[in-house]
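Novice: The structure that follows is given in the form of structure tokens.
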Amino acid sequence: MAKAKANIPEDLRYTETHEWVRVEGNRATVGITDVAQSRLGDIVFIELPESGAQIERGEEFSALESVKAASSIFAPVGGRIVAVNERLADAPQLVNGSPYDEGWIARIALGDPSEIDSLMGAAAYAELAEKD
């Protein structure tokens, strides 16, 4: 049986731990990838980060629980959290249904915009997801 093709938008950047980043100016919107939500199954709870918090790249800044497992979410970039998707508190399943749009987790004011350069493009992430 063939695996369903993952949705990996070309305009985003990706981490090895399956977070995605959409950069707009000096802000980065962050969530988990379609690959990650698919593997986790139905998401039932999300621990949201605190708005205003300073985070370092690679630091755990959120966590989620699914019917299968609990998983940490790591900051793909460092900076200050300027917005949190409060809708996820009551509707964590938005991450399953719309991981790149309605299911975003946080927006970060970039501390060092050059950190974006170390993230993967869509092709590299697709290759990683295939092997993973």
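The values are calculated or read from the model by the stated rules, or taken from the named source; none is laboratory data. Everything numeric in this text was worked out from a predicted model, so none of it was measured. No Cβ is skipped: glycine too gets one built from the backbone with ideal geometry, and neighbour counts run over all protein chains shown.
Novice: How about segment 10-22: which of its residues are more than 12 Å from Phe74 (Cβ to Cβ) and surrounded by fewer than 17 Cβ atoms within 10 Å (Cβ to Cβ)?
Specialist: Glu10, Asp11
Novice: Among the strands (runs of 3 or more DSSP E) lying completely within segment 29-83, list those that include at least 3 residues that are without any contact (Cβ under 8 Å) to a residue 60 or more places away in the chain, charged (D, E, K, R) and in contact with a strand residue (DSSP E or B) (Cβ under 9 Å, 6 or more places away or on another chain). Outline the logic, then answer.
Specialist: Details: elements: 43-47, 60-66, 70-74.
Counting at least 3 such residues, we get no strands (runs of 3 or more DSSP E) at all.
Novice: Do we find that Arg27 is under 18 Å from Asp117 (Cα atoms) and not hydroxyl-bearing (Ser, Thr, Tyr) in this structure?
Specialist: Criteria met by Arg27.
Novice: Exactly one condition in (1) farther than 22 Å from Glu127 by Cβ; (2) aliphatic (A, V, I, L, M); (3) outside any helix (DSSP H, G or I) is not met by Val95; state its number.
Specialist: Single failed check for Val95: (3).
Novice: Across segment 110-132, what is the number of residues that are farther than 21 Å from Asn7 by Cα, within 16 Å of the chain's Cα centre (by Cα) and touching a residue at least 12 places away in the same chain (Cβ under 8 Å)?
Specialist: Just the residues of segment 110-132 that are farther than 21 Å from Asn7 by Cα, to begin with: 110-115, 117-118.
Pick out the ones that are also within 16 Å of the chain's Cα centre (by Cα) and you get 110, 115, 118.
Narrowing the set further to residues that are touching a residue at least 12 places away in the same chain (Cβ under 8 Å) leaves 110, 115.
Of the residues in that region, 2 qualify.
Novice: Can you tell me which residue is nearest to the chain's Cα centre (by Cα) among those in segment 9-19 that are assigned to a strand (DSSP E or B) and more than 12 Å from Ala106 (Cβ to Cβ)? Break it down stepwise before answering.
Specialist: Going through segment 9-19, the residues assigned to a strand (DSSP E or B) turn out to be 13-14, 19.
This time we only want the ones that are more than 12 Å from Ala106 (Cβ to Cβ), so: 13-14.
Details: Arg13: 10, Tyr14: 8 Å.
Selected residue: Tyr14.
Novice: Among the listed residues Gly79, Gly58, Gly31, which satisfies the condition of being more than 20 Å from Leu128 (Cα to Cα) and at pLDDT 95 or above? Full working, then the answer.
Specialist: Numbers: Gly58 fails: more than 20 Å from Leu128 (Cα to Cα); Gly31 fails: more than 20 Å from Leu128 (Cα to Cα).
After ruling out the rest, the residue left standing is Gly79.
Novice: Which one of the conditions (1) at pLDDT 95 or above; (2) farther than 25 Å from Asn26 by Cβ; (3) surrounded by 13 or more Cβ atoms within 10 Å (Cβ to Cβ) does Ser72 fail to meet, given that it meets all the rest?
Specialist: (3)
Novice: Of the residues in segment 110-132, how many are part of a helix (DSSP H, G or I), more than 22 Å from Asp34 (Cβ to Cβ) and not hydroxyl-bearing (Ser, Thr, Tyr)?
Specialist: Matching residues across segment 110-132 total 3.
Novice: Right, something else. Any residue in segment 100-109 that is more than 12 Å from Ile32 (Cα to Cα), over 14 Å from the mean Cα position of the chain (by Cα) and free of Cβ contacts under 8 Å to residues at least 60 places away in the same chain? Lay out the reasoning, then the answer.
Specialist: Taking segment 100-109 and keeping what is more than 12 Å from Ile32 (Cα to Cα), we get 107-109.
Applying the additional criterion that residues be over 14 Å from the mean Cα position of the chain (by Cα) yields 109.
From what's left, free of Cβ contacts under 8 Å to residues at least 60 places away in the same chain: none.
No, that holds for no residue.
Novice: With respect to Ser38, is the statement that it is closer than 20 Å to Glu16 by Cβ, under 15 Å from the mean Cα position of the chain (by Cα) and not charged (D, E, K, R) true?
Specialist: Working: closer than 20 Å to Glu16 by Cβ: yes; under 15 Å from the mean Cα position of the chain (by Cα): yes; not charged (D, E, K, R): yes.
Taking the combined requirement at face value, the residue satisfies it.
Novice: Looking at the structure I just gave you, is Ala129 buried (at least 16 other Cβ atoms within 10 Å of the Cβ), modelled with pLDDT under 95 and within 22 Å of Ile43 (Cα to Cα)? Working first, answer last.
Specialist: Numbers: buried (at least 16 other Cβ atoms within 10 Å of the Cβ): yes; modelled with pLDDT under 95: yes; within 22 Å of Ile43 (Cα to Cα): yes.
In short, yes.
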